[in-house]
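As structure tokens, the structure follows; a few thoughts come after it.
The values are calculated or read from the model by the stated rules, or taken from the named source; none is laboratory data. This structure is a prediction, so every number in the text was calculated from the model and none was measured. With ideal geometry, Cβ positions are generated from the backbone for all residues, glycine too; neighbour counts draw on all protein chains shown. These accessible areas exclude ligands, DNA and RNA; they are computed on the full protein's heavy atoms, side chains included. Shrake-Rupley method; radii C 1.70, N 1.55, O 1.52, S 1.80 Å.
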2 protein chains.
Amino acid sequence: MIAGIELGGSKTVVAIGTAGGDVHEEWRFPTTTPLETFQRAIAWLAERGTPEVIGVAAFGPVGVVPGRDEYGKLLATPKPGWAHFPIIGTLQGAFPAARITLETDVNAAALAEARLGAARGLDDIAYITIGTGIGAGILSGGRLIHGALHSEFGHIKVPRAPRDTFPGVCSFHGDCLEGLASGPAIAGRWGQAAADLPADHPAWDTETWYLAHGILALLSIASPARVIVGGGVSQAEGFHARTEALVNSIAAGYFSPLSATPYVLPPLLGQQAGIKGALLLAAPGNE
Amino acid sequence: MIAGIELGGSKTVVAIGTAGGDVHEEWRFPTTTPLETFQRAIAWLAERGTPEVIGVAAFGPVGVVPGRDEYGKLLATPKPGWAHFPIIGTLQGAFPAARITLETDVNAAALAEARLGAARGLDDIAYITIGTGIGAGILSGGRLIHGALHSEFGHIKVPRAPRDTFPGVCSFHGDCLEGLASGPAIAGRWGQAAADLPADHPAWDTETWYLAHGILALLSIASPARVIVGGGVSQAEGFHARTEALVNSIAAGYFSPLSATPYVLPPLLGQQAGIKGALLLAAPGNE
């Protein structure tokens, strides 16, 4: 039996399916305390069999690199009660024979979009999500990249948009990308939620400016062949095309990957990207 | 016989040695036209034997990803006569049985510093060079990353240093990182070459600001465990420690890889990094 778990800040998804990302059965429930959340996921799986493989896509920061300190655990997350919780250890205790693979939620979604979604068939892609926070997952040469920790893309610093003096909402950095362009930043700057701002509101000039500079940084460092942008803030009409036009304007013809158009696309898998990515982690070579 | 070629904008190095990076014999000569440069390198190698493997570290942009358009060739370089020159094709014509591996010069230097130099033993590192231009090579999970093209780190956009109004010298972007912080940018802003500016000159506050923001972008995206900074501009006294202090100040405790100190270090291999990296490319798994 192949199992996937998507551990989100507010909801958890547990599923059984295939290492190709097909979901046979899934259950969604609110994320509560670590023990209760994992007990519920484990009980649901145990009723259905004994998993040989469990792919886990978790919110971060989380220890995803084998051999490093705190591998398999949540790290210093501000989410109450969750810091240092042993994800792999808890699952391994319940299913001692299972092979367990842990990834960040955005890396799992990047993998799913690359194998089955809007970047299907590509080996070099980035997946960005813009909602309460901003994160990115990166597939390079067909493999998810981590480095010593994993991407913390939301906390990059980008140039200020013209005339934008909003101080930013990041509790660490103030005006990092997440501090200036996440959903809470938009709400704080304009006094309205992103979903309520019409497509011709100047908020979208500011928002696409910051996102385009973030994408330029990805281009400069990881050189993706395509960038997928999802999350609640990306739903505005024309958002992806406007962002791509701005990336091209800033890039000034320099970056050859941009010639593959469209370059900035919405995800195809929507709400299913995370759990499909968790199942895909079960395939050898994907972990 | 294992051969390495470092193709630089102004000098070329050709060597024979081991896939472990030991140089047995090398020859340095000025880079002239593509045909003359490669004829000289090929003749020098042919006098010594028939290489089974040739590792090439080249200036860019260059096609290093097998299967992509213009793999094995220089791309749209402004260097006269060199655009679209077939590096692999030319060498393969001279040595039909050789396995030829092509990398960017900065990726080769990153590999050499990770295997033999200032980041020895680490699987996740970045190597930055600051001179006439700015470039970076990235090793992630023990592998050099490329994406669809390769890193073009110098062309990232970072926030302006306080009170810096210099327009920048990049012919594409004006005030990208390279436009604001390369050797020519320093000379243009201050009217003096970097090598002539004393360690207490305000130029170094500006310079380390830009470099620290570039390193923050690397941390946010590729999460290296250590960053090596080389190149002519990095030679000022205290340059690496000052840069590291500024990275820590901007990062505000958020990025766990920074706890491994020192984090920003000079290279150990100096002038030998490129040719050693070219030889290391001969080892299976390094290409």
What residue, among those in segment B:126-142 that are over 19 Å from residue B:271 (Cα atoms) and open to solvent by less than 20 Å² (accessible area, probe 1.4 Å), is nearest to the other protein chains (Cβ to nearest Cβ)?
B:140
Enumeration of residues in segment B:143-168 that are at the interface with another protein chain (Cβ under 7 Å from one of its Cβ atoms), within 15 Å of the chain's Cα centre (by Cα) and within 22 Å of residue B:243 (Cβ to Cβ):
B:151, B:152, B:153, B:155
Between B:278, B:282, which is under 30 Å from residue B:1 (Cα atoms) and outside any helix (DSSP H, G or I)?
B:282
With the structure loaded, tell me whether residue B:97 is crowded, with 20+ Cβ neighbours inside 10 Å and among the aliphatic types (A, V, I, L, M) or whether it fails that test.
no
I'm told residue A:256 meets every condition in (1) modelled with pLDDT of 95 or more; (2) within 11 Å of another protein chain (Cβ to nearest Cβ) except one. Can you identify the failing condition by its number?
(1)
Among the residues of segment B:106-128, is there at least one that is more than 30 Å from residue A:67 (Cβ to Cβ) and at pLDDT 95 or above?
no
Limited to segment B:252-273, what total is found for residues that are surrounded by fewer than 24 Cβ atoms within 10 Å (Cβ to Cβ) and in contact with a helix residue (DSSP H, G or I) (Cβ under 8 Å, 6 or more places away or on another chain)?
13
Report whether or not residue B:218 is in a helix (DSSP H, G or I), within 15 Å of residue B:127 (Cβ to Cβ), touching a Pro at 6+ places or on another chain (Cβ under 7 Å) and within 14 Å of another protein chain (Cβ to nearest Cβ).
yes
Here is a check on your reading of the model: is residue A:209 away from every other protein chain (no Cβ under 14 Å) and either open to solvent by less than 20 Å² (accessible area, probe 1.4 Å) or at pLDDT 95 or above (or both)?
no
Filtering segment B:226-247 down to residues that are surrounded by fewer than 23 Cβ atoms within 10 Å (Cβ to Cβ) and hydrophobic (A, V, I, L, M, F, W, C), which residue is farthest from the other protein chains (Cβ to nearest Cβ)?
B:236
Whether any residue in segment A:14-26 is without any contact (Cβ under 8 Å) to a residue 24 or more places away in the chain and touching a strand residue (DSSP E or B) at 6+ places or on another chain (Cβ under 6 Å) is what I want to check.
yes
Evaluate the following for residue B:122: is it within 14 Å of another protein chain (Cβ to nearest Cβ), in a loop (DSSP other than H, G, I, E, B) and either touching a residue at least 12 places away in the same chain (Cβ under 8 Å) or open to solvent by 10 Å² or more (accessible area, probe 1.4 Å) (or both)?
yes
Residues of segment B:176-206 satisfying the condition of being crowded, with 21+ Cβ neighbours inside 10 Å and not in a helix (DSSP H, G or I):
B:176, B:182
Within the set of pairs 6+ apart or on separate chains, which have a first residue in segment B:240-262 that is closer than 16 Å to residue B:125 by Cα, a second that is among the charged types (D, E, K, R) and modelled with pLDDT of 95 or more, and C-beta atoms under 7 Å apart?
B:255/A:152; B:260/B:226; B:262/B:244
If I ask for residues that are in contact (Cβ under 8 Å) with a residue 40 or more places away in the chain, within 22 Å of residue A:264 (Cα to Cα) and either in contact with a Ser or Thr (Cβ under 6 Å, 6 or more places away or on another chain) or not aliphatic (A, V, I, L, M) (or both), which ones from segment A:172-215 would you list?
A:178, A:182, A:183, A:205, A:206, A:209, A:210, A:211, A:213, A:214
So, residue B:171, is that one under 30 Å from residue A:227 (Cα atoms), surrounded by fewer than 18 Cβ atoms within 10 Å (Cβ to Cβ) and out of contact with any Pro (no Cβ under 6 Å at 6 or more places or on another chain) or not?
yes
For segment B:274-287 the number of residues that are within 14 Å of another protein chain (Cβ to nearest Cβ) and open to solvent by less than 20 Å² (accessible area, probe 1.4 Å) is 1
